[in-house]
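Peer 1: First the structure, then my questions, so here it is.
The values are calculated or read from the model by the stated rules, or taken from the named source; none is laboratory data. This one's a predicted model, so the numbers in the text were calculated from it and none came from an experiment. Note that we place each Cβ from the backbone using ideal geometry, even for glycine, and neighbour counts take in every protein chain shown.
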Amino acid sequence: MRKGKTIQGKTYRRFEPDQTLLLPPSLEEWVPQDHLVRYLAEAVDQLDLSAIYGSYEGKGYPPYDPRLMVRVILYGYCVGVTSSRAMQRRLTDEVPFRFLAANQQPNHRTLSKFRLRHLDVLEELFTQVVHLAVKEKLVTLRHVSIDGTTVRANASRHKSTTKERAERELRKAIRKDIEQHFKECEQTDAREDELHGDRAGWELPPHLTDPKKRRESIKRALKQLQERSERKQVEGVPDDPLDEAAPLGAAPPPEEGADPAGPHPQEQYNFTDPDSRIMPLSNNRKAFEQCYNAQIAVDSDSQVIVALGVSQLPFDQHHLQPLLSRIELTLDRLPKQLAADPGYYSNDNARVCEQLGVDAVIAPHRVRNLDRLPRVRGRKPKGLSIRDRMKRKLRTAPGREIYRRRKKSVEPVFGQIKDARGIRHFRLRGLRKVRGEFALIGLTHNLLKLWRANVRARARPAMA
């Protein structure tokens, strides 16, 4: 290394900010051979993007190549960059992004619109990546673990309201309007006093000035209103057709004395993202935020996500069977073994797993320490209920081993997504869009697993 300047008897390294640097003439020389972007570029070339290409017509200004856009978006999610503006900055500042885009710089609007326009196709890419993992023998379905976590929505819980609070705010707004109305009336009275003097300017007509005639007119009006109401009841015409509108979201059981046809007084509605719900956070059950419930099924041999989904329900029990259906739909077979925590247990779920031939261990109760549970051996007693059979299975050596694998398979995946990649909230709003974005998160997780497996496979011959 050439020495730099000597100042006050100390020699420092060379520092010449104005020196011209010669970058490699080829983008291929900008990144190492085992870098993630190289594998990602090859993987995108293997994916079927015909649906995206077919959505563009022959007219108009030439768009960016869909391969470029898919590469940039997938790599952004792989490294935890989910903001389109952040992707735009990195397309200028960081070599891996420039390598993937061949030194082109689509702006954040182009990236955001592409993601929204082709969200359904990007969701389908998840299935293609799972099949790619099967081809690479990373997915065996010998053992699958399922779990769920709450992911924050792109909305604030402070923008939520309930029926009770909305009615209170409405009364407050009406009261404010009435006060404003009376204030305007006073101003109008002052102007008309100057114009009419002692005369009111809107005296009653002669046939209503007599008190007797005035009472008769009021009685006739009331009689007509009564006749109109009776006619509506006979003809079956509702007073207000808008009353038949369905309530927003899933409401709790109606309280005694509450109107069963209307929304529950404490039912939540968020003005920013109406599809999201207030849920307890997975890492702090006492903290509540505006969230979605993200569900995954993971192959325990490789931590590859084989099925996923997003729900508005805060509890997990109703998600086990849909996840099994998605596994069968994607891979045309079911896992041999399955493990799930107590949140998924129900007699119906246990019965369905038995009928499908899945060796499932779903804890019927909370297990603080698996090793402290009393162990059982021998034949299974006859006449046990479904719940008792599952309790006994959890205490056998094979059942312990099936359940034990859950902690080192599915739970680390959420840690890798939230902590390692920093994806703790959704960028998009609305249940349909959030489902597409979570599929994007899942497929990039699987691409990372495939890349690491590929790097390990290349390193084995060199180590040998």
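Peer 1: What pairs can you find where one residue is in region 360-389 and farther than 16 Å from ASP341 by Cβ, the other is hydroxyl-bearing (Ser, Thr, Tyr) and surrounded by 10 or more Cβ atoms within 10 Å (Cβ to Cβ), and their Cβ atoms are less than 7 Å apart, with a gap of 6+ or different chains?
Peer 2: VAL376/THR396
Peer 1: If LEU122 meets every condition in (1) under 16 Å from ALA51 (Cα atoms); (2) at pLDDT 95 or above apart from one, which number is that one?
Peer 2: Evaluating LEU122 over (1) under 16 Å from ALA51 (Cα atoms); (2) at pLDDT 95 or above leaves (2) as the failure.
Peer 1: Follow-up question, since we're still on this one. Which residue is surrounded by the most Cβ atoms within 10 Å (Cβ to Cβ), if the candidates are limited to region 398-423 and must be assigned to a helix (DSSP H, G or I), among the hydrophobic types (A, V, I, L, M, F, W, C) and touching a helix residue (DSSP H, G or I) at 6+ places or on another chain (Cβ under 8 Å)? Write out each step before concluding.
Peer 2: Applying the first criterion (assigned to a helix (DSSP H, G or I)) to region 398-423 yields 398-404, 410-420.
After this cut, where a residue has to be among the hydrophobic types (A, V, I, L, M, F, W, C) as well, the list is 402, 410, 413-414, 417, 420.
Subsequent filtering for residues that are touching a helix residue (DSSP H, G or I) at 6+ places or on another chain (Cβ under 8 Å) retains 413, 417.
Values: VAL413: 20, ILE417: 24.
By that ranking, first place goes to ILE417.
Peer 1: Please indicate, with yes or no, whether at least one residue in region 112-125 is free of Cβ contacts under 8 Å to residues at least 60 places away in the same chain, in contact with a helix residue (DSSP H, G or I) (Cβ under 9 Å, 6 or more places away or on another chain) and farther than 26 Å from ARG435 by Cα.
Peer 2: No, region 112-125 contains no residue that is free of Cβ contacts under 8 Å to residues at least 60 places away in the same chain, in contact with a helix residue (DSSP H, G or I) (Cβ under 9 Å, 6 or more places away or on another chain) and farther than 26 Å from ARG435 by Cα.
Peer 1: A further question on this structure: Which one is farthest from ILE441 (Cα to Cα) among residues in region 267-298 that are basic (Lys, Arg) and out of contact with any Cys (no Cβ under 9 Å at 6 or more places or on another chain)? Explain how you work it out, then say what you get.
Peer 2: We begin by selecting, within region 267-298, every residue basic (Lys, Arg); these are 277, 285-286.
Subsequent filtering for residues that are out of contact with any Cys (no Cβ under 9 Å at 6 or more places or on another chain) retains 285-286.
Details: ARG285: 24, LYS286: 27 Å.
In this case the residue turns out to be LYS286.
Peer 1: Testing VAL352 on (1) in contact with a Lys or Arg (Cβ under 8 Å, 6 or more places away or on another chain); (2) in a helix (DSSP H, G or I); (3) among the hydrophobic types (A, V, I, L, M, F, W, C), one condition comes back false. Which one is that?
Peer 2: (1)
Peer 1: A further question on this structure: So, THR150, is that one surrounded by 13 or more Cβ atoms within 10 Å (Cβ to Cβ), in a helix (DSSP H, G or I) and either modelled with pLDDT of 90 or more or not aromatic (Phe, Trp, Tyr) (or both) or not?
Peer 2: On the way: surrounded by 13 or more Cβ atoms within 10 Å (Cβ to Cβ): yes; in a helix (DSSP H, G or I): no; either modelled with pLDDT of 90 or more or not aromatic (Phe, Trp, Tyr) (or both): yes.
Against the criterion (surrounded by 13 or more Cβ atoms within 10 Å (Cβ to Cβ), in a helix (DSSP H, G or I) and either modelled with pLDDT of 90 or more or not aromatic (Phe, Trp, Tyr) (or both)), THR150 does not qualify.
Peer 1: Which of the residues that make up region 106-147 are basic (Lys, Arg) and part of a helix (DSSP H, G or I)? Outline the logic, then answer.
Peer 2: Filtering region 106-147 down to residues basic (Lys, Arg) leaves 109, 113, 115, 117, 135, 137, 142.
Correct list: ARG109, LYS113, ARG115, ARG117, LYS135.
Peer 1: Is it the case that LEU448 is of a type outside the set (Lys, Arg), assigned to a helix (DSSP H, G or I), at pLDDT 90 or above and within 30 Å of TYR269 (Cα to Cα)?
Peer 2: Working: of a type outside the set (Lys, Arg): yes; assigned to a helix (DSSP H, G or I): yes; at pLDDT 90 or above: yes; within 30 Å of TYR269 (Cα to Cα): no.
Against the criterion (of a type outside the set (Lys, Arg), assigned to a helix (DSSP H, G or I), at pLDDT 90 or above and within 30 Å of TYR269 (Cα to Cα)), LEU448 does not qualify.
Peer 1: For region 301-321, what are the residues that are of a type outside the set (A, V, I, L, M) and either in contact (Cβ under 8 Å) with a residue 24 or more places away in the chain or in contact with a helix residue (DSSP H, G or I) (Cβ under 8 Å, 6 or more places away or on another chain) (or both)?
Peer 2: Filtering region 301-321 down to residues of a type outside the set (A, V, I, L, M) leaves 301-303, 309, 311-312, 314-319, 321.
Answer for region 301-321, where residues must be of a type outside the set (A, V, I, L, M) and either in contact (Cβ under 8 Å) with a residue 24 or more places away in the chain or in contact with a helix residue (DSSP H, G or I) (Cβ under 8 Å, 6 or more places away or on another chain) (or both): ASP301, SER302, GLN303, GLY309, SER311, GLN312, PRO314, PHE315, ASP316, GLN317, HIS319, GLN321.
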